[in-house]
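No value in this document is a laboratory result; all are computed from the given coordinates. All of these numbers come straight from a predicted model, not from anything done at the bench. Note that we place each Cβ from the backbone using ideal geometry, even for glycine, and neighbour counts take in every protein chain shown.
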Amino acid sequence: MQIELNSVNKYYNRGQHNEVYALKNISFSVQEGEIVCIRGPSGSGKSTLLSIIGCLYPPTSGTAIICGRQIARLPDHFLTRHRRENIGFIFQRFNLIESLTVLENITLPLLPLGVPPAERTVRARKVMEELQIGHREKFRVNGISGGEMQRVAIGRALINNPRLLLADEPTAHLDPQLRSSFMDAMADLKKSGKTIVITSHDIQVTGHPKVDRCFTMEDGTMTAGDGI
Ligand code: ADP
Ligand code: MG
């Protein structure tokens with residue numbers, strides 16, 4: 001099992017006037033190699049759930065095993081390390097740094113891991129070749145197409161060779177063609193054994209034939225998965 005959450009609760013600002021009970025008793029698991037979607041209206045807790053799975057912060061209570069580690073009991077610096085070593089993120093609007101080149105954007109996650117520059121370049125070139133953006137290596141990302149930006153974002157998420165790939169509403173601002181090419185890229189990664197969790201209410205994502213299961217969030221709770 002790649003992800004195993006048991007009775008996870010998450011409060012923001014607990015005990016204060018602005019307390020939010022964002023995740024309510026979530027139990028949920030994902031097997032290695034699955035593509036799982038989480039849908040639900042805005043404010044239902046999708047990003048919070050993805051942040052816990054992504055080891056950005058631990059749950060307030062409950063247990064969460066992510067890539068073999070019980071993260072609820074890890075001190076912050078171990079949580080950060082676990083995240084950097086095992087998890088790749090793809091964000092809404094991609095969050096690329098426009099003033100940096102394609103190569104520099106892709107290698108960013110390797111900086112805190114202390115990978116030497118020459119090795120960073122070698123690894124990035126391999127990823128760029130797989131994603132067919134090698135010819136844009138030295139371009140700044142504000143000078144490339146939307147499809148190329150998408151591949152840079154995927155490349156940056158893959159550069160640490162993560163077991164788990166997380167995408168938070170990755171297609172929300174894309175045209176239909178890029179949405180479907182995003183899911184085709186995810187399907188390829190599934191073939192290579194990655195586990196993928198995507199939050200989305202885009203039917204082109206949640207209805208893609210390679211999605212194994214879909215869960216629905218509503219007001220901090222999760223309803224049973226459908227699909228297989
Ligand atoms: P979704 O991604 O489904 O839109 P979120 O996980 O972002 O939902 O938010 C779930 C709830 O938690 C919402 O009520 C939101 O306002 C609240 N929330 C999210 N992040 C924070 C935060 N950093 N501090 C306080 N409340 C937050
Ligand atoms: Mg969100």
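Annotations
- Prolate is the label for region 155-213, because the ratio a/c of its alpha-carbon gyration tensor axes (a ≥ b ≥ c) is 1.5 or higher and a/b is greater than b/c.
- Beta bridges from DSSP with both residues in the chain: antiparallel share about 55 percent, rounded to the nearest 5.
- Contour excess over end-to-end distance, with Cα ends at D212 and K138 and 0.36 nm allotted per residue: 22.9 nm
- Only Lys, Arg, Asp and Glu carry charge here, each on its Cβ (+1 for the first two, -1 for the last two); on that basis region 139-184 has a dipole of about 200 debye about its Cα centre.
- Cα convex hull of region 3-52 - mean projected area over all directions, nm²: 3.9 nm²
- Pairwise Lys count, the chain - Cα closer than 24 Å, eight or more residues apart or different chains: 13
- Projecting the Cα atoms of H208, G147, A157 onto the dipole axis of the chain, where Lys and Arg carry +1 and Asp and Glu carry -1 at the beta carbon, places A157 farthest toward the positive end.
- Given charges at Cβ of Lys, Arg, Asp, Glu: the chain dipole, positive-most of I198, G33, T101: T101
- Measuring how big the chain is from its alpha-carbon positions, Rg and Dmax come out at 17.4, 53 Å.
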